[in-house]
Ligand SMILES: Nc1ncnc2c1ncn2[C@@H]1O[C@H](COP(=O)(O)OP(=O)(O)OP(=O)(O)O)[C@@H](O)[C@H]1O
Ligand SMILES: [Mg+2]
């Protein structure tokens, strides 16, 4: 099983939109896929039609005292499953930070799902958190949606500094541009030659498109909502680029 996380220090940059669309693309490709909504806001749970509620105490689930696997919900898409959010996940950082196995704890929680799934997608809350530190061990790839703006690039640099990554760990970070508007000079320039601070972003970028906003109104990924739209095609290419890297 491969584990792909959507993470950014900044909020509202497109983590959830990418998590849901990438998971659905993987699922369309026949991969049994699990989305873990780690954000108390429950946005990916909402879009995938799940119920934002864990039936056991979050502390118990995250310490392994209650089996996490029992919380999995099926979605309307066969072999696309959901480990839903819960409002009590707002304590996630404290709980992860208290565990004796330190920064390997999240990895230990994720591992048992490899029996059933080929891909696990983690939709993370924003912030420089304990979660972010543990992601480096738990995830094969960390995708970082980034708006083409100086402040977003600065946030990316701060995240790298904070995580204090070794070279090999840094290679697991994959920034990609989201909310791109080709009418804007800066956006065009950065697509062609990205600023040095974000290294080599993914080739695929996601355009600004109102279809993406409709996902949370209609509770469907773009592959179902507007399969031929520019944004749906962009997420499909993003998945193909990611898959080629994971397979390679
Ligand atoms: N490419 C896009 N085009 C248009 N709207 C977008 C695009 N990407 C994201 N959005 C919209 O921006 C808002 C934030 O997106 P999303 O929820 O995916 O971000 P997030 O990083 O998960 O946010 P949070 O930090 O709150 O979890 C949503 O309303 C979403 O529909
Ligand atoms: Mg989100």
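Figures for the structure shown
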read-out: Filtered residues of the range 25-59 (kept if in a loop (DSSP other than H, G, I, E, B) and within 16 Å of ligand 2 (Cβ to nearest atom)); value: 38, 39, 40, 41, 42, 48, 50, 52
read-out: Residue in the range 203-218 that is surrounded by fewer than 16 Cβ atoms within 10 Å (Cβ to Cβ) and away from ligand 1 (no atom under 15 Å from the Cβ) present; value: yes
read-out: Residue match in the range 25-41 (condition: surrounded by 23 or more Cβ atoms within 10 Å (Cβ to Cβ), in contact (Cβ under 8 Å) with a residue 12 or more places away in the chain and over 17 Å from residue 72 (Cα atoms)); value: yes
read-out: Failed condition for residue 106, given (1) more than 16 Å from ligand 2 (Cβ to nearest atom); (2) in contact (Cβ under 8 Å) with a residue 60 or more places away in the chain; (3) surrounded by 23 or more Cβ atoms within 10 Å (Cβ to Cβ); value: (2)
read-out: Enumeration of residues in the range 6-24 that are more than 12 Å from ligand 2 (Cβ to nearest atom) and buried (at least 24 other Cβ atoms within 10 Å of the Cβ); value: 21, 22, 23, 24
read-out: The range 135-151: number of residues that are under 17 Å from the mean Cα position of the chain (by Cα) and surrounded by fewer than 23 Cβ atoms within 10 Å (Cβ to Cβ); value: 6
read-out: Among residues of the range 195-207, those that are closer than 18 Å to residue 238 by Cα and out of contact with any strand residue (DSSP E or B) (no Cβ under 8 Å at 6 or more places or on another chain), counted; value: 2
read-out: Residues of the range 208-232 satisfying the condition of being touching a strand residue (DSSP E or B) at 6+ places or on another chain (Cβ under 8 Å) and over 22 Å from residue 28 (Cα atoms); value: 208
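Read-outs throughout are calculated quantities, based only on the coordinates presented, and are distinct from any laboratory measurement. None of these values were measured; they are calculated from a predicted model. Methodologically, a virtual Cβ is constructed for each residue, glycine included, from the backbone with ideal geometry; neighbour enumeration extends over all protein chains shown.
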